[in-house]
Amino acid sequence: MNRPRPICCEAVQQHLAAYRSGEIHPALQRRIAQHLHACDSCYALYRNNQVLEQEMRQVLMAPPPVDFGRVWQGIQVDLARPTESNPPVRYALLATALLLMLLVPMTFGRSGIAWATPPTPPAPRSHAVVLLLERATPSPNGAVTLSETLPDTPASTPDAAYRTESLTVLSIMTP
Amino acid sequence: MNAAEPEILHELVARSLSGDQGAYEALYTQCSPLIYRLCYGLLMNRQDAEDVMQEAFVYAFRNLRRFDSKRASFKTWLYTIALSRCRNVYRRKHLPWIDLASLLPIDLPAPRAETPEARLARNDLRVSVESALADLSPALREAVVLRYGHGLTYREIAEVIGCPQKTAESRVRLAHERLRGLLQTEAPSLLADLLRMEA
């Protein structure tokens, strides 16, 4: 039978816990056994871990005593209580509430929803000029008297251009 | 689990699902010592362990229909439920561990023969191990508790914790390294002397 291939210390130490419980492939198990036989430092680590495991088992297997009967009574009381609603039901309720919060303002009044009513653009100023001319009363000497005037507009606004333009139209029309 | 066989547990589950109230109690009787030991090992506090055990059983009994014996054994399923509740306790409390190490002398007397002093030294080592276990991170402690407190295989540990088997193995190995380091800091001669005594 062939001798198993040698294995390095690092690999042995990596598999020590599994080696002790026999949870590794038999071929690897043989290689580790051979290494432990020859390597003092790995064998010391193996023994060290063995003692540590024994102590851990002792600690972990003996927790302080507990009254299991009392806990069983507690479990029965809890089981007798009505169950909470399931999480999917809770999520569905939350989603419905959110939906209502969105829909109610949209249905009643639409206040606070900016995109619902876009602002109405102002009527073109040229329409106002035509209106003024229609309402103007011609005098016997041919002059046109405006009973209404265009509202004042700042000079820098586009409306000022309309005002200037309308006055030009009036001066052309008057003989 | 009083060494209950998986078949017995599955039969009890089936009886519970068919409405047999006694089967619930039998399931509890079979599994509660194991679950309490798991919870105590992870939380190191009797009251917390009791509370978590109660919560875990209430959840398991209410959701018994969801248990699928094809996917996991009942024991593994119950471990998973208890572990997840223990994790909630870690998160809630950030685990205020009692630092037993601070109560220990720095260098403990070496155990010799089975004299009263030797027995005392062994007890001291146990306290040191308990303290060192408490100092481990939750992930490493989970692996060690399942491995040495419950004798689970790496495959079962991986299933309960929800990680690959290799990760479970490396967590146990890291826990060993960490424990050795902690013990060497707290009680340097104890482990070596115990080894010598056992040789």
Q: Could you check how many residues of the range B:134-143 are free of Cβ contacts under 8 Å to residues at least 60 places away in the same chain and crowded, with 24+ Cβ neighbours inside 10 Å?
A: 1
Q. Out of all the residues in the range A:1-21, is one or more at pLDDT below 85 and in contact with a Ser or Thr (Cβ under 8 Å, 6 or more places away or on another chain)?
A. yes
**Q.** Residues within the range B:52-64 that are more than 9 Å from chain A (Cβ to nearest Cβ), touching a helix residue (DSSP H, G or I) at 6+ places or on another chain (Cβ under 8 Å) and surrounded by fewer than 20 Cβ atoms within 10 Å (Cβ to Cβ), tallied
**A.** 2
Q. If you take the residues in the range A:19-70 that are β-branched (Val, Ile, Thr) and closer than 27 Å to A:CYS8 by Cβ, which one is nearest to the other protein chains (Cβ to nearest Cβ)?
A. A:VAL51
Q. Take the residues of the range B:151-160 that are surrounded by 20 or more Cβ atoms within 10 Å (Cβ to Cβ) and not acidic (Asp, Glu): which is nearest to B:ARG37 (Cα to Cα)?
A. B:LEU152
Q: Return yes or no: is A:ALA33 surrounded by 10 or more Cβ atoms within 10 Å (Cβ to Cβ), at pLDDT below 85, within 30 Å of B:VAL129 (Cα to Cα) and small (Gly, Ala, Ser)?
A: no
Q | Extreme residue, farthest from the other protein chains (Cβ to nearest Cβ), among residues of the range B:29-51 that are free of Cβ contacts under 8 Å to residues at least 40 places away in the same chain, in a helix (DSSP H, G or I) and surrounded by fewer than 21 Cβ atoms within 10 Å (Cβ to Cβ) | A | B:GLN30
(Q) Can you list the helices (runs of 4 or more DSSP H) lying wholly within the range A:1-69 that have 1 or more residues being among the basic types (Lys, Arg) and over 25 Å from B:LEU146 (Cβ atoms)? (A) A:26-38
Q) Of the residues in the range B:57-100, how many are within 19 Å of B:THR29 (Cβ to Cβ), outside any helix (DSSP H, G or I) and either over 19 Å from the mean Cα position of the chain (by Cα) or modelled with pLDDT of 95 or more (or both)? A) 1
Q. For the range B:135-172, what are the residues that are under 24 Å from B:LYS93 (Cα atoms), part of a loop (DSSP other than H, G, I, E, B) and within 12 Å of chain A (Cβ to nearest Cβ)?
A. B:LEU136
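The values are calculated or read from the model by the stated rules, or taken from the named source; none is laboratory data. Here the structure is a predicted model, which means the values were calculated and not measured. Note: ideal-geometry Cβ built from the backbone for every residue, glycine included; neighbour counts use all protein chains shown.
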